[in-house]
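Engineer: Before I ask anything, here is the structure I am working with.
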Amino acid sequence: MVLLFPLRQPGSQEERDVAIMEFALREAHAAWAADEVPVGAIVVRGNEILGRGRNTVEALKDATAHAEMLALSQAFAAAGEKRLPDAELYCTLEPCIQCTGALMHSRVARIVYGAADPKFGGIESLARLLELPGLNHQIEAQGGVLAEESAALLQDFFRSKREEKKVQKKAPPESS
């Protein structure tokens, strides 16, 4: 496990959230470098990083290989536990329905995310899974932390993908 703040603890919850989200953004940048949708996630408990994840859907050919799922798996292994009741997950993008469900089963205490996800978001955008009646565990959620940076990273990635497609369409066919 890695210490988050070995020298100085942040002065406020907002400062702490931003500092940890910056770790998640580094994971998102690494995802882009690997030609994956740039989403990064960090699971923390107290002052320790329990797990890190970045999207690896393309590399693994696995639609469930989202940053949150991989960070959770790493956190379970590090903690040696099947639940993470005192942990927080930080993600650059609002967790999708799949990941929100996994976070609910994981019993994390808090989810902090950057950009909203209108197409798949499971917390506020598409579905409000944390508000379902009858849930036996309540999770605090905070969106919008470094949202502009997170959204810009995603927008730039998809813009670059569209440009690549345009270039590929214009390129003459290869001759053998």
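The values are calculated or read from the model by the stated rules, or taken from the named source; none is laboratory data. Not measured: the values here are computed from a predicted model. Because the Cβ atoms are built from the backbone with ideal geometry, glycine has one as well, and the counts that use them run over all protein chains shown. Keep in mind that these areas ignore ligands, DNA and RNA; they rest on the heavy atoms of the full protein, side chains included. Shrake-Rupley method; radii C 1.70, N 1.55, O 1.52, S 1.80 Å.
Engineer: What are the pairs, 6+ residues apart or on separate chains, where a residue within the stretch 112-135 that is closer than 19 Å to Leu25 by Cβ and touching a residue at least 40 places away in the same chain (Cβ under 8 Å) has its Cβ under 6 Å from a residue that is open to solvent by less than 10 Å² (accessible area, probe 1.4 Å) and among the hydroxyl-bearing types (Ser, Thr, Tyr)?
Structural biologist: Here the result reads Val112/Tyr90; Gly114/Thr92; Gly114/Ser150, each pair linking the stretch 112-135 to a residue that is open to solvent by less than 10 Å² (accessible area, probe 1.4 Å) and among the hydroxyl-bearing types (Ser, Thr, Tyr).
Engineer: Do any residues in the stretch 41-55 that are farther than 12 Å from Phe76 by Cα and touching a residue at least 12 places away in the same chain (Cβ under 8 Å) have Cβ atoms under 7 Å from those of residues that are β-branched (Val, Ile, Thr) and in a strand (DSSP E or B), where the two are at least six apart or on different chains, and which pairs are they?
Structural biologist: Ile42/Ile49; Glu48/Val2
Engineer: Out of the residues in the stretch 51-71 meeting the condition of being under 11 Å from Ala34 (Cα atoms) and aliphatic (A, V, I, L, M), tell me which one is most open to solvent (accessible area, probe 1.4 Å).
Structural biologist: My answer is Ala59.
Engineer: Just to be sure I understand, how many residues within the stretch 128-176 are in a helix (DSSP H, G or I) and farther than 16 Å from Met21 by Cβ?
Structural biologist: 19
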